[in-house]
Structure formats: C-alpha cells, structure tokens
Amino acid sequence: MMSLARNHGLPTQAEFQRAIANRGDHWFAACLRITRNEELAADAVQDALLSAWNKRHQFERTAQLETWIHRIAINAAPQLLRKAPSFSHDALDEDLPDAGLQPDDQRAEQELGKGLASALRRLSDMERSCFVLKHLEQWRLNEIAFELDISVNTVKQALFRAVKKLRVILADRRSSHDY
C-alpha cells in the first residue's frame, strides 16, 4: 500500500514483474491462438507490456493488472498480424496429426486449421477477440465483456457476426477446394 501512495496509484515495476511471472505464459498462449505464429505472439506480448508500462497512468485500480495487460495483448495480436509482411503459419499442438486418422483425414484437418487461421484474419478486431476468447480460450460472456470493457450484448453481437462470417468464409473455401 505504501508503494501506491508514493506512485500515485501507478502500478510498480515489482507489480509488473509479478504479473509477467504469473500470467505471461497465458498472454502468449492467447496471442498465439490469434496469430498462430510464435514470433508474432511474442511480439504482441512484448508490445502489450511496453504499451501497458508507458500507459500505466491510465490503469485503474478497480481492475487487475493481469487482466488489463491481457486485454492490451489480445488487441495487439491482430494488429501485428495485419502488419506482418508475410504470414507464416506455425504448427500448434492441435495441428499435429492424430495417429488414429487416415492420411486424407489428417490433411483435411490440417487444411481446416489453416482455413480457420486465414478466416480469423478476415474478422474485425472485436469479432476476432470475442471469438478467440469465447471459443478457443473458453471464457464466459461476462468475462469477455469485462476484459474488453464492453457490454455482454456487444460480445454476443460480435460473436454472432464472427460465426456468421466464418461459416461463409469456410464454406467458400471448402467449395473452392472440392473437385
């Protein structure tokens, strides 16, 4: 409490270090799910930490430092993805072939993963963030709303639009790959 008084409520370097130690891996995993590229995910977390540190005067003590940085990282990932000159898809654990699948099924599953990553890039930042947090990170709607500082109805609308767009994009992709 004494550090808060001296820093006018600003998060301290020690608080940032604790947040990084406690949640750094989680931020990286969330960014990796969005970018599907380890370098971009690491850059997103680094950008988020730098931005959070530089804007620590905007941090409100009613929130948790970890969730505030998480939100910044979730927003940084799609921005870096758009700026990347050439997107290279890194295999994630889910992309590894299942020993029980036939080669054609393995190829189809890998194509679906690549198609989803490509389709996610075509969503708006809000839609992508809501979709990733809900369907890949398994967050509840109220958690997403709190994290992104929006209403639950806005989350629902973004998810609805995201799923609708993804269905169209993936259906178009599937029909263009059918012979």
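The values are calculated or read from the model by the stated rules, or taken from the named source; none is laboratory data. Small disclaimer: the values here were computed from a predicted structure and weren't measured. FYI the Cβ positions are ideal-geometry reconstructions off the backbone, even for glycines, and counts take in every protein chain you see.
What the table shows:
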item	result
Residues of the range 126-151 classified as modelled with pLDDT under 75 and under 19 Å from Leu40 (Cα atoms), total	0
Filter pass, Asp47 being outside any loop (DSSP other than H, G, I, E, B), touching a Ser or Thr at 6+ places or on another chain (Cβ under 9 Å) and more than 16 Å from Asp125 (Cα to Cα)	no
Selection within the range 132-153 - assigned to a helix (DSSP H, G or I) and either hydroxyl-bearing (Ser, Thr, Tyr) or touching a helix residue (DSSP H, G or I) at 6+ places or on another chain (Cβ under 7 Å) (or both)	Val132, Leu133, Lys134, Leu136, Leu141, Asn142, Ile144, Ala145, Glu147, Leu148, Val152
Test for Ala171: is it surrounded by fewer than 14 Cβ atoms within 10 Å (Cβ to Cβ) and at pLDDT 75 or above	yes
Any hit, the range 28-39, residues being of a type in the set (Ser, Thr, Tyr), crowded, with 19+ Cβ neighbours inside 10 Å and either under 30 Å from Ser118 (Cα atoms) or in contact with an Asp or Glu (Cβ under 9 Å, 6 or more places away or on another chain) (or both)	yes
Long-range neighbours under 8 Å by Cβ, at least six apart or interchain, first residue over 21 Å from His26 (Cα atoms) and in the same structural domain as His70 (by TED's automatic domain parsing) within the range 114-138, second surrounded by fewer than 22 Cβ atoms within 10 Å (Cβ to Cβ) and among the β-branched types (Val, Ile, Thr)	none
Test: residue in the range 115-125 that is under 25 Å from Gln58 (Cα atoms) and at pLDDT below 80	yes
